[in-house]
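Scroll down for the structure; my scribbles are underneath it.
The values are calculated or read from the model by the stated rules, or taken from the named source; none is laboratory data. What you see is a predicted model; the values in this text were computed from it and never measured. Quick reminder, even Gly has a Cβ in these numbers, built from the backbone with ideal geometry, and neighbours come from all protein chains shown. Ligands, DNA and RNA are excluded from the accessible area calculation, which covers all protein heavy atoms including side chains. Shrake-Rupley method; radii C 1.70, N 1.55, O 1.52, S 1.80 Å.
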Amino acid sequence: MTADDDRKRRLEKTVADLQDRFGLRAIGRRARPAAPPVIATGFAALDEALGSGGLPLGRPSEIVGAPTSGMATLALKIIAAAQAAAAGGPLAAYLDLEKTFDPDYAARCGVDLSRLLVIRPYTARQGIAMLPDLVLNGGFGVLVVDAPLRCLAAAEAAEALAATLARLIVPLDRAGCALLFLSALPPGSAADGPPGQPYPAATGLPHYAAVRLLIQRERWLYRRGDVAGYEAQVLVLKNRLAAEGGTATIAITFNGVVRGDAT
């Protein structure tokens, strides 16, 4: 064996070892890595604004917004879209830290409740500790973590979440699971102001998320003098799959029906 052959063999082994540890997309030669598959958001305008047709499977994503901004509705529509994409639909899990999940509204959003597991951890750290098992052994197509940012940004929870996300990057990719965090902000926080202002980054979510969305309620919608829903704007804060900065205006009614326009 020549010296060149030996170097080539050692290089190929190093590349294979790195791909096994960090995923096939982490290192490669010649060919550009294929874009990951996506899951539709249930809002055509938002899928268009994302440029990729939806949120990526096998990657973490985050939706940031104040309570009642539409985050939960968007998550439910994503679950419904995933379930409708294939016969029987994949299983989905919803970690409900605030215990605000409404099964009736979820059904009106199109979610098949028989294929949805609702988990209510006692603490944020307990919910974070469940994530590796849910990703590795749960067989879920969509995994939603609905938690106020104050819980995820607390010192111990933030450290645990950052370490967990670092360990989950490769397993998520292999499982093809869409991991979606709903980061509920307190009223008057930075993200309620000019788009893109940072919130406490100790959670590691801004770094690890492939896609980050900011949703802001803009105005109420009325029907016959009664409030029938609201209009919200979604801004693409970060997007590793396509260009960021796109926006979509969506209308959400209280019967689970949505419509929207991209800009």
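Sorting the segments 217-230, 168-181 by their residues' average number of neighbouring beta-carbon atoms within 10 angstrom, most packed first, yields 168-181, 217-230. Once the convex hull of all Cα atoms in segment 81-160 is built, its volume per residue stands at 94 Å³.
At full extension, residue 166 and residue 243 could sit 25.3 nm farther apart than now, given 0.36 nm per residue minus the alpha carbon distance.
Qualifying chymotrypsin sites (Phe, Trp or Tyr not before Pro) in segment 63-151, where qualification requires a DSSP coil assignment and no more than 10 other C-beta atoms within 10 Å, comprise 122. Cβ-Cβ distance of residue 15 and residue 174, R₀ of 25 Å, FRET efficiency by 1/(1 + (r/R0)^6): the value works out to about 0.90. With all protein chains present, how much of the accessible area of segment 73-151 (probe radius 1.4 Å) comes from carbon and sulfur, to the nearest whole percent? Exposed carbon and sulfur together represent 55 percent of the surface. Which FRET efficiency value, to the nearest 0.05, do you get for residue 107 and residue 227 by plugging their Cβ-Cβ distance into 1/(1 + (r/R0)^6) with R0 = 25 Å? So, using R0 = 25 Å, E works out to roughly 0.70.
Of all lysines in the structure, those lying under 28 Å Cα to Cα from residue 99, and not within fewer than 8 positions of it along the same chain, are 77.
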